[in-house]
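The values are calculated or read from the model by the stated rules, or taken from the named source; none is laboratory data. What you see is a predicted model; the values in this text were computed from it and never measured. Please note: Cβ atoms are built from the backbone with ideal geometry, for glycine as well, and neighbour counts cover all protein chains shown. Just the protein is used for accessible areas: all its heavy atoms, side chains included, with ligands, DNA and RNA removed. Shrake-Rupley method; radii C 1.70, N 1.55, O 1.52, S 1.80 Å.
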Amino acid sequence: MILQSRFYKTKKLLLVEDCEPVRASVKGMLQQIGFEQITAVADAGAALLQAQKQPFDFILADFQLGDGKDGSQFFTELKLQGWLKNGACFAIMSAEPVRQPVHGVLAGQPDCYLLKPFSYVELEKKLGKAFQTGIALRKVFQAAAAADYPAALVQADEVVKQYPALTLQTLRLKAEVMLAAGDGQSALTLYQFVCQQRDFSWARLGQAIALLQLTRYDEAATALQALVNQEDIKPEALAYLVQLALVQGELSQAKDWVLELLRYNATDNIYQQYYGNLLHLMADEVAATAYWQKLLQQYRFSAFDHIEPYLALARSHLRAAQSADLTGSNPLIRQCFDTLQTVPLKLLTAQGASQQKILLAHGYLLQGDGAKSEALMAEVSTADNDLPISSLLDLAWYHFACNDTKAAGAVLQQAKASADIWRQRGDSMPWLQVQHFATMLNSSSKQLQQWQQQGAGQLQENKPKAALQTLRSAFLLCPAHSTTALNLIQVLGALPGHKALKPLASCALQLLNSKALTAKERSRLASLTDDLPELYLE
């Protein structure tokens with residue numbers, strides 16, 4: 001045995017296997033090895049609950065978990081939720097060979113793979129070696145996690161000296177540390193050195209990534225397109241071709257590469273979001289809305305259900321409502337509410353609930369219910385640094401609608417800082433989203449001022465119909481702007497009452513009555529209300 005039975009005796013192990021006879025057989029092997037603290041479950045859902053309750057030293061999961069998720073997705077979920085103990089050994093079992101990731105050792109990958117059937121001797125050998133390797137490399141990972149890349153490189157050199165058998169694995173990790181440190185040239189040199197010894201797929205991909213980091217885009221494109229034709233490395237090569245296209249601003253090309261990735265793995269929610277976001281960035285809102293609706297229909301209540309399509313679809317409805325005509329605005333807001341209220345409870349984590357409430361609050365604001373909007377936002381922690389960038393942008397958008405440009409700007413800066421971190425890690429999509437939003441916010445601010453001035457001028461020129469259209473547009477963009485709302489009430493009082501205008505009048509009145517107006521504004525509101533048709537006051 002690699003390690004003694006008494007070592008395993010004190011370790012906690014989580015076994016995830018959907019086939020009961022196999023689960024019983026593997027559990028027996030684990031007991032034979034020396035494990036005593038074994039928690040055995042049948043699917044990823046039950047496994048996640050157990051991992052949330054207690055940390056495990058070893059996790060042994062089947063690749064096909066039977067509930068729509070595979071072992072790799074389960075591993076990723078554990079990492080995202082922070083339920084994978086530092087130094088834990090994660091092993092995947094499979095009846096067929098499983099394609100192993102070619103890049104991303106530093107970010108974390110399963111420690112070993114076992115091909116069924118296997119004996120308890122082989123099982124112990126794999127687990128023991130993987131655990132020992134993890135211990136040997138632990139200081140490298142710890143230093144890298146603390147962004148102390150010089151220390152990580154020193155520790156890597158120490159591992160090579162102390163454990164010559166781990167040289168290749170350590171060099172692979174060392175090159176990724178160099179990339180994380182932004183030292184593309186050193187990483188390129190190291191990858192080239194490895195390829196001179198032996199032609200490894202991970203080293204050739206590493207060269208292409210280093211070239212991309214060094215902004216040698218033509219060389220990176222040539223290298224990545226050559227790697228796309230190799231099945232063992234195709235997904236990673238496609239992923240970096242996406243990033244290359246994004247960096248160069250070639251959104252249409254990025255969309256094509258994302259589609260190719262989704263043909264390879266249709267349930268990859270990261271690239272599902274990429275595709276929808278690219279449609280937004282390309283201003284194809286109709287296609288984007290249809291895509292989010294399609295995702296909800298396909299994956300609702302499945303293991304691949306994710307909160308972002310619900311939020312993205314609700315977001316699309318809200319933005320469409322702001323530019324819709326009198327008859328179309330309220331139905332779109334109701335569609336936004338309907339979408340958000342159908343989010344499954346399992347997706348409404350603390351973070352998910354905050355994401356949902358931000359959009360609900362904006363919807364209520366557009367309906368004139370300022371009190372409910374404020375109550376929802378009071379439940380959202382604005383200091384929550386864990387909010388995804390898309391929801392930080394929703395929060396900035398909400399503050400703009402509340403006429404709080406200072407708060408909107410502060411949240412936008414927070415989103416920019418987060419997007420810069422992602423860009424440094426090699427993911428340009430968040431940065432593009434933030435830049436697109438910043439441009440939209442700046443344009444909206446200028447448009448709002450223009451509409452406000454134009455509407456006020458049309459009022460003075462006694463052109464109430466033209467003023468109505470202009471001021472309504474300004475009101476939907478920034479409902480909490482008191483002067484705009486008061487001018488809108490003045491216009492409505494100058495026109496004959498009409499049932500189609502009643503929701504707009506009610507919305508403006510409700511918001512004004514819920515705001516802390518100045519004495520002058522309150523006096524003006526009282527005077528303007530007296531001039532409103534009775535229809536709007538019923």
Sort the following peptides by mean Cβ neighbour count (other Cβ atoms within 10 Å, averaged over residues), highest first: 527-533, 268-274, 171-177, 496-502. 171-177, 268-274, 527-533, 496-502
Simple spin-label estimate for residue 162/residue 218, 7 Å along Cα→Cβ, in nm, reads 4.7 nm
Of (1) 23, 58, 18, 1; (2) 18, 41, 33, 8, 0; (3) 19, 44, 26, 10, 1, the label for P(r) over Cα pairs in 20 Å bins from 0, in percent derived from the coordinates: (3)
Write down the percent of antiparallel bridges among all DSSP beta bridges whose residues are both part of the range 37-155, to the nearest 5. 10 percent
Along Cα→Cβ, 7 Å out, is where each label goes; now give me the distance between the ones at residue 7 and residue 334 in nm to one decimal. 6.6 nm
Within the chain, what whole-number % of the accessible surface is contributed by carbon and sulfur, with the 1.4 Å probe and all protein chains included in the calculation? 51 percent
How big is the gap, in Å, between the Cα center of the range 167-182 and the Cα center of the range 292-346? 42 Å
I'd like the FRET efficiency for residue 283 and residue 20, computed as 1/(1 + (r/R0)^6) with the beta carbon distance as r and R0 of 45 Å, rounded to 0.05. 0.30
What is the dipole size for the range 189-325, taken about its Cα centre, with +1 at each Lys and Arg Cβ and -1 at each Asp and Glu Cβ, in debye to the nearest 20? 160 debye
Mind checking which aspartates and glutamates have their Cα closer than 20 Å to the Cα of residue 255? Skip sequence neighbours fewer than 8 apart in that chain. 218, 236, 268, 284, 285, 308, 427
Please compute the length gained on full extension between residue 248 and residue 538, using 0.36 nm multiplied by the number of residues separating them and subtracting their Cα-Cα distance. 98.7 nm
When DSSP beta bridges are limited to those with both residues in the chain, what percentage is antiparallel, rounded to the nearest 5? 5 percent
So how strong a dipole does the chain carry about its Cα centre when Lys and Arg Cβ are +1 and Asp and Glu Cβ are -1, to the nearest 20 debye? 640 debye
To the nearest 20 debye, what is the magnitude of the charge dipole of the range 108-218 about its Cα centre, counting +1 on the Cβ of each Lys and Arg and -1 on the Cβ of each Asp and Glu? 280 debye
Dividing the helical contributions, -39500 (n - 2.57) per DSSP H run of n ≥ 4, by the residues of the chain yields a 222 nm value, nearest 500 deg cm²/dmol, of -22000 deg cm²/dmol
Among the listed pairs 53/416; 27/174; 53/346, give every one whose C-alpha distance is greater than 25 Å. 53/416; 27/174
Can you tell me how much longer the chain between residue 115 and residue 138 gets when fully stretched, taken as 0.36 nm per residue apart minus their C-alpha distance, in nm with one decimal? 5.7 nm
Taking 30 Å as R0, compute the FRET efficiency from the Cβ-Cβ separation of residue 265 and residue 189 and round it to 0.05. 0.35
Model label zone, residue 290; criterion: amide N under 14 Å from point 7 Å along Cα-to-beta-carbon; scope the range 315-345: none
Explain nothing, just the number: relative contact order of the chain, from Cα pairs under 8 Å at least 6 residues apart, as a whole percent. 7 percent
Extending each Cα 7 Å along its Cβ direction at residue 461 and residue 302, get the distance between those two points in nm, one decimal. 5.6 nm
Can you work out the accessible area per residue across the chain, with the rest of the protein chains kept in place, probe 1.4 Å, in square angstrom? 47 Å²
Can you tell me the FRET efficiency between residue 499 and residue 435 if r is taken as the Cβ-Cβ distance and R0 is 45 Å, rounded to the nearest 0.05? 0.55
